[in-house]
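The values are calculated or read from the model by the stated rules, or taken from the named source; none is laboratory data. All values derive from a computational prediction rather than experimental measurement. Cβ sites come from the backbone with ideal geometry, for glycine too, and all protein chains shown count toward neighbours. For the accessible areas, the whole protein counts, side chains as well, though only heavy atoms, and no ligand, DNA or RNA atoms are used. Shrake-Rupley method; radii C 1.70, N 1.55, O 1.52, S 1.80 Å.
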Amino acid sequence: MNSSVQIQPPTFGNLITILSIDGGGIRGIIPATILSFLESQLQELDGEDARLADYFDVIAGTSTGGLVTAMLTAPDGNNRPRFAAKDIRPFYLEHSPRIFPQKRGICGAIITKLKSVTGPKYNGKYLHRVVNDKLGETRLRDTLTKVVIPTFDIKRLQPTIFSSYEAKNSPCLDARLSDICIGTSAAPTYLPAHRFKNQDKQGNVQVFNLIDGGVAANNPALVAVSQVTKQVFHENPDFFPINPVDYGRFLVISLGTGSSKIEQKYNAKMAAKWGVLNWLLHGGSTPLVDVFTQASGDMIDLHISVVFQALHSQDNYLRIQDDTLTGTDSSVDIATKDNLERLVKIGERLLKKPVSRVNLGTGRSEPVENGGTNEEALKKFAKLLSDERRLRQSKTPHVNKGSY
């Protein structure tokens, strides 16, 4: 396969392919492990040069997922992805301890809690440095496939969606990927908000005051679907002759970073007595952050599941999430060596778990009968993605048909 040829538009194929990656701090190791497996399956089918950006029309990510999105789609000097999926996990293992430095002992824990009351737990300087180093001057327009990265503008009190599609109509959104990643990762109480200016070619300047995109959509799958639907509605020729409600044409892989529903951290009796300080910091955790990230992620999963099941297209939607995390495993910032290694194991075990789907009656995720494991499902999706790419290239006039 000639991997130098970027993915052709959906008008030449049968599907619209979307990859979505949730936010979750250091728990980004979990989807990184799954992405490495998926890319390895594509390489078995199409050669070792195959990369995820070659197969997805849109890759969406929030917070830590936004960083993964940028790494997978930023070009190198040969106009190929700067990072393979297998590079993402080592990146987390190397840099997380310096992004989230841990203070040891009882005194360290007290200092960390006090710091959380008066300001963010971490100053973000190392994160800014490493993201700028890895992504450089790469801008939104440069990505090798379309990307969608939600953020939240704290000054305007509304979401700002950095989308390859929207940037065409609003050039000020064509910001550096490093600034976008720092903004979408600025989780309240953990990392400082990110302010930057961006100027378009006409000299128009827009100022952004960004915090974590998880405030708006910790699971960005529906945002990505909406961005594509808008393009179909406005008759973008890349999507002709697809209809705006033709969700049967969508193929969506949505990767969570884990949650801790089983642990039952909080209850109404506890929360009824909480003041501002307790909501911001209770038992070493941050209830407000837990609430808005898990709630938005579950609502989006439920909504997409309803739509796909209603259209009898449920096999085109794969959500991989582990909602059984407990203790430090569910933390977004405890970047000790032991905890990071456990997250790697959690990602590996998740591949072996059965495919699950939201029960529309109970709202709970349940194993799919005869659905196999997540690993088996990803192998099937890899074949679908490979076949779709081949179909598009065979129908595209200017693509060399002998490239396979």
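Does any residue of region 152-168 turn out to be surrounded by fewer than 24 Cβ atoms within 10 Å (Cβ to Cβ) and among the acidic types (Asp, Glu)? Looking through region 152-168, at least one residue is surrounded by fewer than 24 Cβ atoms within 10 Å (Cβ to Cβ) and among the acidic types (Asp, Glu). Scanning region 77-106 for residues that are part of a helix (DSSP H, G or I) and of a type in the set (Gly, Ala, Ser), we see that the one that is surrounded by the fewest Cβ atoms within 10 Å (Cβ to Cβ) is Gly105. Yes or no: region 344-357 includes at least one residue that is surrounded by fewer than 18 Cβ atoms within 10 Å (Cβ to Cβ), of a type outside the set (D, E, K, R) and under 22 Å from Leu127 (Cα atoms). Yes, that holds for at least one residue.
Within region 236-250, residues that are under 22 Å from Thr396 (Cα atoms) sit with their Cβ atoms under 8 Å from residues that are small (Gly, Ala, Ser) and surrounded by fewer than 18 Cβ atoms within 10 Å (Cβ to Cβ), at 6+ positions apart or across chains, in these pairs: Phe250/Ser313.
Is one or more of the residues making up region 220-241 at pLDDT 85 or above, under 21 Å from Tyr190 (Cα atoms) and in a loop (DSSP other than H, G, I, E, B)? Yes: one or more hits. Kindly indicate whether Thr257 is at pLDDT 70 or above and not in a helix (DSSP H, G or I). Considered against the rule, which asks whether it is at pLDDT 70 or above and not in a helix (DSSP H, G or I), Thr257 comes out as yes. Consider Ala335 carefully, then state whether it is modelled with pLDDT of 90 or more and hydrophobic (A, V, I, L, M, F, W, C). Here the answer is yes, as Ala335 does meet what is asked. Being in a helix (DSSP H, G or I), among the aliphatic types (A, V, I, L, M) and open to solvent by less than 10 Å² (accessible area, probe 1.4 Å) is the filter here, so list the residues in region 61-76 that pass it. Within region 61-76, Val68, Ala70, Met71, Leu72 meet the criteria.
Per-residue answers, yes or no, for (1) at pLDDT 95 or above; (2) acidic (Asp, Glu); (3) part of a loop (DSSP other than H, G, I, E, B):
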{"position": "Cys172", "(1), (2), (3)": "no, no, no"}
{"position": "Ser178", "(1), (2), (3)": "yes, no, no"}
{"position": "Ile182", "(1), (2), (3)": "yes, no, no"}
{"position": "Ala187", "(1), (2), (3)": "no, no, yes"}
{"position": "Gln202", "(1), (2), (3)": "no, no, yes"}
{"position": "Val207", "(1), (2), (3)": "yes, no, no"}
{"position": "Leu210", "(1), (2), (3)": "yes, no, no"}
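Determine whether region 375-390 contains at least one residue that is hydroxyl-bearing (Ser, Thr, Tyr) and open to solvent by 30 Å² or more (accessible area, probe 1.4 Å). No, because not a single residue in region 375-390 is hydroxyl-bearing (Ser, Thr, Tyr) and open to solvent by 30 Å² or more (accessible area, probe 1.4 Å). Looking across region 50-60 at every residue that is in a loop (DSSP other than H, G, I, E, B) and touching a Pro at 6+ places or on another chain (Cβ under 7 Å), the one that is least open to solvent (accessible area, probe 1.4 Å) is identified as Asp57. Which count do you get for residues in region 174-210 that are among the aliphatic types (A, V, I, L, M) and either more than 21 Å from the chain's Cα centre (by Cα) or open to solvent by 20 Å² or more (accessible area, probe 1.4 Å) (or both)? Total satisfying the criteria: 3.
Residue by residue through region 209-243, note down the ones that are within 24 Å of Ile7 (Cβ to Cβ), touching a Gly at 6+ places or on another chain (Cβ under 9 Å) and among the polar types (S, T, N, Q). The answer is Asn219, and nothing else. Checking each residue in region 144-170 for being touching a residue at least 60 places away in the same chain (Cβ under 8 Å) and either of a type outside the set (Ser, Thr, Tyr) or in a strand (DSSP E or B) (or both) picks out Leu144, Lys146, Val147, Val148, Ile149, Pro150, Thr151, Phe152, Ile161, Ser163, Glu166. The residue that is modelled with the lowest pLDDT, among those in region 242-251 that are open to solvent by 50 Å² or more (accessible area, probe 1.4 Å) and not in a loop (DSSP other than H, G, I, E, B), is Tyr247.
As a summary of the residue check, Asn316 satisfies the conditions (1) over 17 Å from the mean Cα position of the chain (by Cα); (2) more than 16 Å from Ile18 (Cα to Cα) except for the one numbered (2). Looking only at residues in region 4-43 that are closer than 26 Å to Asp323 by Cβ and part of a loop (DSSP other than H, G, I, E, B), the one that is nearest to the chain's Cα centre (by Cα) is Asp22.
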